[in-house]
Amino acid sequence: MLISFVKIPFGDFGFVYPSGRRSKTGSTFFSTGSSFASSSFTSDIYKPLIRKGNASDKEVGWVGRIVVLIVAIIAFVIAATGVNDPNSWANSIMAMVENAWGLFGASFGPVVILSLFWKRLNYNGAVAGIVVGAVVDVVWLIWLTAPTGIYEILPAFIIGLIATVVVSLATKYIIHRIQLYVNNFFHFFTNNIK
């Protein structure tokens with residue numbers, strides 16, 4: 001068996017992944033997922049919600065590095081556990097990419113679509129839709145995909161969409177600026193596309 005190594009930069013040092021399958025998984029994951037997870041967590045959750053805007057750039061940078069490390073450990077565990085089991089869902093890179101896109105589409109898909117076409121969407125509804133979509137996707141993947149034969153994005157997307165709408169309607173609509181953006185979006189396209 002050939003052994004390939006991929007050095008994945010992390011701050012001032014790097015990780016080396018042995019084995020062809022793991023190095024491909026690691027390099028693919030790190031090129032897309034870790035930077036997205038790190039920047040999303042630090043800018044959307046850590047700085048505004050946990051530190052209430054009082055985090056320095058240096059602190060946010062260190063939190064981002066820690067998130068990348070946590071994501072790297074999770075990716076390594078997934079790759080390492082799926083390599084030896086031919087029936088594992090993590091055995092093939094394509095299956096892992098399919099599951100990642102299923103999770104991404106189920107959690108963010110309803111929020112993106114509703115943010116473009118529904119004026120009543122608010123922050124609480126968006127967060128609820130992302131969380132519910134992600135949880136349902138993972139639960140469906142682990143326990144219900146094999147018995148039902150239904151790809152996890154379908155039920156997770158639908159339930160995430162319902163959660164987004166229900167929570168948005170149940171909470172106070174306080175961001176009127178979003179309505180202005182949506183109105184400008186529709187005004188632009190109705191007047192400029194023929």
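The values are calculated or read from the model by the stated rules, or taken from the named source; none is laboratory data. Because the structure is predicted, anything quoted here is derived from the model rather than measured. Reconstructed Cβ throughout: ideal geometry from the backbone, glycine too, with neighbour counts over all protein chains shown. SASA here: full protein model, heavy atoms, side chains in, ligands and nucleic acids out. Shrake-Rupley method; radii C 1.70, N 1.55, O 1.52, S 1.80 Å.
A few remarks follow.
- Potential extension, GLU98-ASN192 segment - 0.36 nm per residue separation minus Cα distance: 30.2 nm
- Sequence of THR164, THR190, THR145 when ordered by accessible area, the most exposed leading, probe 1.4 angstrom: THR190, THR145, THR164
- Point-to-point label distance, ASN184-SER56, nm (Cα→Cβ direction, 7 Å offset): 3.6 nm
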